[in-house]
Amino acid sequence: MIRTEQLYDHLGREGISFYTGVPDSLLKNFLQYVQDHTAGEQHIITANEGLALALASGYYLQSGKLPLVYLQNSGLGNLVNPLSSLADQEMYGVPMILLIGWRGEPGIPDEPQHRKMGAITVPLLEVLGVPVFKLDQQSIDPLQIVSTAIQTAREKQNPVALLLSADIFEKVQYEKTTIPATLSLQRESVIRELIKTLSGDETVICTTGKSGREFDEQNKAAGNKIKKYFLSVGAMGHASHIALGIHLQNPSKTILIDGDGALLMHMGALPTISHFANKNFIHLLINNGCHESVGGQPTEAFRVDCTAIARASGYQHTFLIRNEQELNHWLQNSLSSSDTQFVEIRTNAISRPDLGRPAGDPKDWKNDFMSHLTND
Ligand SMILES: Cc1ncc(C[n+]2csc(CCOP(=O)(O)OP(=O)(O)O)c2C)c(N)n1
């Protein structure tokens, strides 16, 4: 066990003062501490993990100092290209620490989307030539392990991983200080009202995180009104093209429920969707300005105009919804339109602590979904 401030202070003593990454729930207490104790430009949350590695590389090139990139192990997929073709010692050789939350660690029960990556995290890092240092509850001297990892990164001139098991940090009262709570709409109630207004014939695709869990619970509460739904419980940022792929084969109404973190992660999706989904496609962005599902760390999505980005990307019909009245107006007047639309709904970042998780096997979910699509 280690305290967040102990790790942060130790990293500081070892010369690490630049943090970048994409948040992870296992790291959320540590990341909150980083957020609260690091000057703005020294802590940058990027849109995806590959960008964090590139940013860290730029930092090193200018400063000669060791940066830290944090991520959930599912983000390794986004990071492999710049890791192997930029930072690797056989290329430029950029030393850095990769602080990785280990979801799906073998022997520790976790959600299905984490099992594969959990099992291959260590071999994957080894194949990539990244030395791995594990920190778990049994680690006798965690700070010494951190120092050895840092020394190794410097000596080898290569990224080095600190792989953190669940519950490595001492529990602290976690306060979501960064979450904006001023907006009246809440993600789950938006999803509930959407389900209430839909006819039941639509196909719904949900992004990664709590929106899928909320959809699942609200749909059950509505007597499984929506039969054709797919939860992209993993593959963050890819729900949009899953939806597009389905839609192109079945041009009946498709609703994509997206998150701002997910949208930003692969924003290049927008022009392709607007080009090819020219009818009956609703891209519904639930923008809470943060990665609410993993701890509420901010995204850039409240700072920019997402509907303007969608318009510039080719969506002809865009809506911005900020309160219940605007939501009801859109639900009653525009939801049933056959126009392709981008709809940004700004919400607060509040969710239920007792939110459930969809039960069962993803292959059964897939088979159910496909059989409902074929019976259409
Ligand atoms: C590639 C990848 N990186 C990080 C994660 C961890 N993760 C799961 S949900 C999530 C936040 C999603 O944020 P957003 O799309 O804004 O939805 P919200 O949680 O706010 O509803 C993150 C970072 C992941 N699953 N995959």
| request: Taking the residues in the stretch 312-328 that are crowded, with 16+ Cβ neighbours inside 10 Å and touching a strand residue (DSSP E or B) at 6+ places or on another chain (Cβ under 6 Å) as candidates, determine which candidate is farthest from K196 (Cα to Cα). | output: Y315
| message | Cβ-Cβ distance below 8 Å, separation of 6 or more or different chains: which pairs start in the stretch 48-75 with a residue that is under 17 Å from G295 (Cβ atoms) and end on one that is within 16 Å of the ligand (Cβ to nearest atom) and among the hydroxyl-bearing types (S, T, Y)? | response | A52/T20; A52/T46; A52/Y70; Y70/Y19; Y70/T20; Q72/S25; N73/T121
| field | Residue satisfying condition, being touching a Gly at 6+ places or on another chain (Cβ under 8 Å) and not basic (K, R), within set H372, H283, H275, H317 | value | H275
| query | Out of R322, R311, which single residue is among the basic types (K, R), under 27 Å from I45 (Cα atoms) and in contact (Cβ under 8 Å) with a residue 40 or more places away in the chain? | reply | R322
| Among (1) away from the ligand (no atom under 16 Å from the Cβ); (2) in a helix (DSSP H, G or I); (3) more than 23 Å from S338 (Cβ to Cβ), the one test that K196 misses | (3)
| task | Please give the number of the condition L61 fails out of (1) of a type in the set (A, V, I, L, M, F, W, C); (2) surrounded by 15 or more Cβ atoms within 10 Å (Cβ to Cβ); (3) within 24 Å of R13 (Cβ to Cβ); (4) more than 16 Å from the ligand (Cβ to nearest atom). | result | (2)
| task | Could you list all residues from the stretch 75-120 that are closer than 19 Å to D361 by Cα and surrounded by 14 or more Cβ atoms within 10 Å (Cβ to Cβ)? | result | R103, G104, E105, I108, D110, E111, P112, Q113, H114, R115, M117, G118
| Do any residues in the stretch 118-132 that are within 18 Å of I108 (Cα to Cα) and in contact (Cβ under 8 Å) with a residue 24 or more places away in the chain have Cβ atoms under 7 Å from those of residues that are aromatic (F, W, Y) and surrounded by 16 or more Cβ atoms within 10 Å (Cβ to Cβ), where the two are at least six apart or on different chains, and which pairs are they? | G118/W102; T121/W102
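Every number in this text was worked out from the coordinates using simple rules, so none of it is lab data. Values in this document were obtained by computation on a predicted structure and should not be read as measured data. Glycine also receives a Cβ, built like all others from the backbone with ideal geometry; neighbour counts cover every protein chain displayed.
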